Amino acid sequence: MKLFKYGVYALCASAMLSISSCFNLDEEPYSEIIEEDYVPTEADEIALLATTYSQLRFVMDWYGLFDLQEESCDVIVTPTRPNGWDDGGTYKQMHKHTWDNQQGQPQSIWDYCYKGIANANKILKRADEGFFTEESKPKVVAEVKGVRALWYSILCDTHGNIPIQTSFSEEVPVQSTRKQVFDFI
């Protein structure tokens, strides 16, 4: 009986050792898209273009362009109530034109616009690298440059002299005058 038991153990051990290893370790990923194998479709181009527009949802949001322009020009007034809405005096500062670089509205507009510009620059870089088809490239480049111009016009209107960013670099950007920004647009 013991001999039979050891024989079964030996048979199981040899079976596990002989059939458990693999020799072909080449992977073929099905859950990821490999950049070299990727061929963009028209739907992919539209999805990529959407990233330039996505920041627009924040511009008219709380602490967005509407707050910045309308609160400071008497179109709207946000009253302070005993139970709230003071928000650290932000609306009083907007109304009295005493805001600074720590104010939420100008800072959020700056951030949203430059995120939109960065997304546009990424797409333009992709277009230069041949990501889009020759047929769609001129249309995509024109649309992206138009949206980027919208971002720059908002920044020029709300902040005045701003840096013009057209590429990705580690250098500190140089401030451009309103005329330079207008000519660039």
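What the table below lists for this structure:
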{"read-out": "Those residues of region 45-73 which are farther than 22 Å from Thr98 by Cα and surrounded by 14 or more Cβ atoms within 10 Å (Cβ to Cβ), in sequence order", "value": "Glu45, Leu48, Leu49, Thr51, Thr52, Tyr53, Gln55, Leu56, Phe58"}
{"read-out": "Residue that is surrounded by the fewest Cβ atoms within 10 Å (Cβ to Cβ), among those in region 158-168 that are polar (S, T, N, Q) and more than 16 Å from the chain's Cα centre (by Cα)", "value": "Asn161"}
{"read-out": "Which numbered condition Leu155 misses (of (1) closer than 14 Å to Tyr112 by Cα; (2) surrounded by fewer than 13 Cβ atoms within 10 Å (Cβ to Cβ))", "value": "(2)"}
{"read-out": "Top-ranked residue in region 126-144 [being modelled with pLDDT of 90 or more and loosely packed, with under 15 Cβ neighbours inside 10 Å; ranked as nearest to Met60 (Cα to Cα)]", "value": "Ala142"}
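The values are calculated or read from the model by the stated rules, or taken from the named source; none is laboratory data. A quick note: this is a predicted structure, and the numbers were derived from the prediction, not measured. With ideal geometry, Cβ positions are generated from the backbone for all residues, glycine too; neighbour counts draw on all protein chains shown.
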